[in-house]
Structure formats: structure tokens, C-alpha cells
1. I'd like to verify a number: residues in the stretch 1-14 that are more than 14 Å from the ligand (Cβ to nearest atom) and crowded, with 20+ Cβ neighbours inside 10 Å, how many?
2. Restricting to the stretch 49-85, name every residue that is near the ligand (Cβ under 7 Å from one of its atoms) and of a type in the set (A, V, I, L, M, F, W, C).
3. Criterion first (surrounded by 17 or more Cβ atoms within 10 Å (Cβ to Cβ) and touching a Pro at 6+ places or on another chain (Cβ under 8 Å)) does ILE263 satisfy it?
4. Of all residues in the stretch 254-283, which are within 16 Å of the ligand (Cβ to nearest atom) and in a helix (DSSP H, G or I)?
5. Assigned to a loop (DSSP other than H, G, I, E, B), surrounded by fewer than 24 Cβ atoms within 10 Å (Cβ to Cβ) and touching a Lys or Arg at 6+ places or on another chain (Cβ under 9 Å): is that true of GLY183 in this structure?
6. Sort through GLU176, GLU139 and tell me the only one that's free of Cβ contacts under 8 Å to residues at least 40 places away in the same chain and within 15 Å of the ligand (Cβ to nearest atom).
7. If I ask for residues that are on the phi > 0 side of the Ramachandran plot and over 27 Å from the mean Cα position of the chain (by Cα), which ones from the stretch 2-35 would you list?
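The values are calculated or read from the model by the stated rules, or taken from the named source; none is laboratory data. For clarity, every value in this text was computed on a predicted model and none was experimentally measured. Cβ placement follows ideal geometry from the backbone for every residue including glycine, while neighbour counts extend to all protein chains displayed.
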Amino acid sequence: MVEVERHTYDVVVIGAGGAGLRAVIEARQRGLSVAVVCKSLFGKAHTVMAEGGCAAAMGNVASKDSWQVHFGDTMRGGKFLNNWRMVELHAKEAPDRVWELESYGALFDRTPDGRINQRNFGGHTYPRLAHVGDRTGLEIIRTMQQKIVSLQQEDHAQTGDYESRIKVFAECTITELLKDSSGAIAGAFGYWRESGRFVLFESPAVVMATGGIGKSYKVTSNSWEYTGDGHALALRAGANLINMEFIQFHPTGMVWPPSVKGILVTEGVRGDGGVLKNAEGKRFMFDYIPAVFKGQYAETEDEADQWLEDNDSARRTPDLLPRDEVARAINSEVKAGRDSPHGGVFLDIASRMPAEEIQRRLPSMHHQFKELADVDITKEMMEVGPTCHYVMGGIEVDPDTGSSCVPGLFAAGECSGGMHGSNRLGGNSLSDLLVFGRRAGLGASDYVQSLAQRPQVSPDDIAAAARIALAPFDPPDDPAAQENPYSLHMELQQSMHDLVGIIRHADEMERALVRLDEIRGRIHRVTVEGHRQFNPGWHLALDLRNMLLVCECVARSALMRTESRGGHTRDDHPDMVSAWRGTLLVCHLAGGDPVVPDVTVDAEPQQPMRPDLLALFEIEELQKYYTDDELAEHPGRKA
Ligand code: FAD
């Protein structure tokens, strides 16, 4: 009989980033007991790393901004593949969520007249990102943790126990979701990273808020936590993943020195006036304005610089095109041999504003380059290049409640899919976490309150979860057949980097699938030494199966989508194809091996956009994305 520590809660939130913490607050405010489980230290979630800001159409800097403009920008950024209902809720609710944070104690940067300041970012028509210097995520997490402490103090006053309604389980990794005989969520199984001891959370509702998948790629801005756990756990439990072919390669990661390759250089540098230059000193982005954005961006340096002074009298700089466009442009410059000494391009803020101003606006970037690359960004240009940054794909959810197709399973934040379509606009993640974290917390609470009885976890499922978790301690008899988790991880990352990266081709993706299949065969032989007490090799061995499953979803979906759109660019299918716009690629579990099950990908139609939302766009713009049949009912077409 396996030894397991047991806890019972109304709701278990897996992940303590922005999405998870906002869900915790909501569920607790509805009177439910909530466990929040995170595999890193509490407060060290990925959200802390967010730099540039949180997008919300508050209209503080540009009074013309509105939810409708934010809605339009987000749909354009995602190349109209987004779940329009999510985009609508996000655009309408983001300003309230930012205000709410201030009511919890956050303090955003201010305009001279005392309102929350907002900065420019790629793809946003108006300055829209509420920010705290370049440390916005830190302030958001700090504030929500403070709110949670204040709720715990209220609980203590009522019950005598600070943890009677919210308890944090830090450095605890969930490895399996458990369901009852009807197929509804009954709990989550995991282990304490420090002791290796098993832990079971019995709960009718789980909110998945585990973030992204970046550690499946070799060059990434993401930290060690981003191993696609939530994506894989949900898929194994029977949920669908959508849009997995769309991976955002942020245009500006550090390229030098090798030890820090991939670390993010915030888009705020360009938002505040920084410009991209090639080795010839040319501001090359003017050469890369794609047809769908023609007429919307400045065509000369003077016009772009004028726009920085006054958004109304000029068009925006192409340095702030959506990220997919800028990443491809940098890729092309490097391929053409106009790259910087270490294989990137230059990002120049030094010649654009006084040193004190740079230090005031971008303190983290100044510190990061000084410490890591010995570059003073107030005097020299930075060297930057694309880095795997964000996954647009994730768990398919109901926009209003965050529920998946598995009863009791909810998702929010980066591990959910739909909101950002084929490409996310910068700043739209932090607001997504707040809007949909709250909605998932509400959805889970309503679900739990509607249940007549609680689902039961079966002892067999607990035993099976423990067996799978311990398998890496059980080596194959032949020592030569043993696999090292670190080597296998590097092979996986290299394969994804080389064969399913920023520019894709059918031959390469087919080769990727062969390699993934081969890794799938070897993953059963992954062997770790030592015991269960803090054993990073074991932790990686368990994360590896999640990364492999997620990589299969990415590679299979990418091979199937025979067009280029947003974060999916194909050499062999370079055009965006209208017929693909209305199609979602949906990854389903197809049974097989319980460690890394088979995946099938099906093409399914998108819900057509509600007519009043469609009418927000000019027919001439929609014609670039939609088929004629889809536009037959548009008022512009009828006129
Ligand atoms: P996270 O904040 O990553 O939290 C995930 C949580 O899940 C963690 O607590 C982790 O420990 C836990 N977890 C994962 N797996 C398990 C498991 N198996 N068991 C238990 N716990 C688990 N977006 C913007 O909008 N604006 C920005 O300025 C911005 N800047 C960014 C800068 C950087 C460097 C990076 C990398 C991203 C940036 N982003 C930005 C994107 C944004 O930060 C993320 O998309 C967002 O923070 C994700 O939040 P989340 O709540 O979904 O997940």
C-alpha cells in the first residue's frame, strides 16, 4: 500500500501565477476552501518575470481607446483565429481587473495628472499597457499574494486558523489528475519536491493554471517550470488542446553570451522608442510591413518618430508590428547576412533618449545587460534575436466559465487556449490571467456548489499514479539500455528547435515526428539514481513525459496546417489561407500507453463571430482574412 498524505478541498488550483492566484481569490470570496499548489516557491511563478505591462483599454493616455479598439487589435494580432467571445470578455473586463488590483494595493506608474500610466506595445493602436517600470508582473503577484494574506487574516478572525480556507502547497508538483467512475474530476496526485513523498488532493474541481511549454525548446525566455504540465495533465484526463501549432517566438531575446541566450528583452524597449537596426545600421522594419497591415504603419523614420511624440498625427512605427512579423523580419535579416556579431540584430535605445531616462524607464533591462552581457544599454546597442516565449495553444475552455469538456476541470492563463488565436499581442497575457483567472475561479465555485455529492478517488488510480511516478527508479536490466533524463531532454529541445521552430517545412516536421516517436520508445527506460529526496533528475524525468506529449501535439498540428498564420510559418505554404481561418486543430487523447498516450488531431470548425462584433471591422479588412461565403451576411457586403 503506497503511503500518501491526503487533503480535502472544495477547489484545487494548480499554479500560483497570475491566473492561479486570481482564481484562488475568487473561489475563496465565494466561500469555498481552496488549495493552491505550485511546483516552485510561492511567489516565484512565471508571472513575476513579466516586464512590459498589462493591456487594458482604460483610455488614460489616449482617450479614444475603447474595448472595441482593443477587441479589434487582439483579433488582428491573432489573425482572426481567436475565440472571439474570449476576446470580447477580455477587452471589456480588463480595465476593471486593473482597477481592482489597485484596490488590493497595487501601485502602477502614473501620468503627470495622477492616472494609471499606459505605454505603447506592438499591435496595440493606443498606449494601453498599465505598468510598473519594467517589473509589472512582480507587482501583480506581490499584490495578489497580499490580498490572499488579507483573506487569510479574515479567516483567522472567524475560525482561529489562517489556513482554514486558503492553504498554499509550495514546491509540490502534481503529476496526475484523478477522476471518479463517471469521468468527473475527483482529485489531483503529486509529490513534495523536497521529500519526494506523495500527496493527494481530493476535490471535485481543479483549476489548471500551470503556464506554458517553453522548456520544450532549446532557446527560450521561459524558466524551468514551463514544461507543459497542465497541457499534458488535462489531455491525459480527456480534455482537448487547441491551437497547439501556434508558438510565439518573441523577436527580442538576448543572443549573447551563450549562457543567457533566450532571456527576454522586453518589448517595452521598443514601446518607449527603441529601434531595431541591422549590421549596416539600417532601420530595417520599414521593409517588412506585410500586406495585411499596409497603410496602418509609418513608412518613413520621420513619421515613425513623429508617432512616438503624438499618436494622432502619424502612423505607428513598424518596430511595433505584432511579434510574429518582427521575429520573421529579424530571421530574414540574419539569413541575409546583415546580422550582429553574435547572430542577432541590434536594438538601439542608447541613441534615442538620455541615459537617466533609460535607467528610470527600463531599470531591469539596464541591470540585466550590465550584469549578464557587460553591455551598458545607455551607451551601446543591445544584440537581440527570436526566442521561444509563449504558447498560444492550450486547454479548450468555455469562455465564460473556464470549464473544459471534463466535468470539474477548469483552466485559465497560458495553459488555456483560444484567446490569442494564432499570435498573442504583448501585454494581453497579464490581462488574460486576471480576467479568466477570475472567471475560472467563479466557474469552479458554481460547479462545486451545484454538486449533489462529491466524487470519490479510487485506490487503484492512486496506486497507478504512484507506480508511474516511481518508474524512473526501476532501471531496465541492461545498464546499456538506460536513458539519462538530461540527455533525452536536450535531444527533445534540439529536435523542436531544428525541425518545428520559427520557420517550418513538411519534410522537417515529418522528421521531427520520427524523432519524437523514437524518444517515446526510450522514455520508458529513463533511469534516475539516488532516492526520492530532492532529486532534480527524477523531477525532470517526470516533466519529460509532459514535454514529449505537448511536442507531439505541436508537431502534428503544425504539419496538418498547410498555411502560414501568426506563430506558425511554413516555408512550403507561405500564404495565409482564408479557408483555414475558420478551422481549429483539436488534439485528443487516443489511448495507448498511460505514460505518453497517443494523440490524434482533428480539424473542427470555429464558431462564427457574432454579427455585432463582425460589424466592428471594415469589410475591406475582413476580406483579407475571411472567405467570401463567410462575409455574405456582413452589412458592408449587403450594402
Ligand atoms: P505562471 O505565472 O507561469 O504560473 C504557473 C504556475 O504553475 C507556477 O506557480 C508553477 O510553479 C505552477 N506549476 C506548473 N506546473 C505545475 C505542476 N505540475 N504542479 C504544480 N504546480 C505547477 N505577458 C504580458 O502580458 N506582459 C508582459 O509584460 C510579459 N512579459 C513577460 C516576460 C517574460 C520574461 C516572460 C517569460 C513572459 C512574459 N509575459 C508577459 C507572459 C506572461 O508573463 C505569462 O504568459 C504569464 O505570466 C503566465 O501566467 P500563468 O498564471 O498562466 O502561469
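1. 3
2. Listed by number, the residues that qualify are MET49, ALA50, CYS54, ALA55.
3. On the way: surrounded by 17 or more Cβ atoms within 10 Å (Cβ to Cβ): yes; touching a Pro at 6+ places or on another chain (Cβ under 8 Å): no.
So ILE263 fails the test.
4. Once the filter is applied, which keeps residues that are within 16 Å of the ligand (Cβ to nearest atom) and in a helix (DSSP H, G or I), the stretch 254-283 yields VAL260, GLY268, VAL269, ARG270, GLY271.
5. Here the answer is no, as GLY183 does not meet what is asked.
6. Details: GLU176 fails: free of Cβ contacts under 8 Å to residues at least 40 places away in the same chain.
Just a single option satisfies the conditions, and that option is GLU139.
7. Initial filter on the stretch 2-35 (on the phi > 0 side of the Ramachandran plot): 15, 31.
Selection gives GLY31 alone.
Conditions tested, residue by residue: (1) in contact with a strand residue (DSSP E or B) (Cβ under 9 Å, 6 or more places away or on another chain); (2) within 24 Å of GLN29 (Cβ to Cβ).
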residue: VAL98; (1), (2): yes, yes
residue: SER103; (1), (2): no, yes
residue: LEU107; (1), (2): no, yes
residue: ARG115; (1), (2): no, no
residue: GLN118; (1), (2): yes, no
residue: SER150; (1), (2): no, yes
residue: GLN153; (1), (2): no, yes
residue: GLU163; (1), (2): no, yes
residue: LYS167; (1), (2): yes, yes
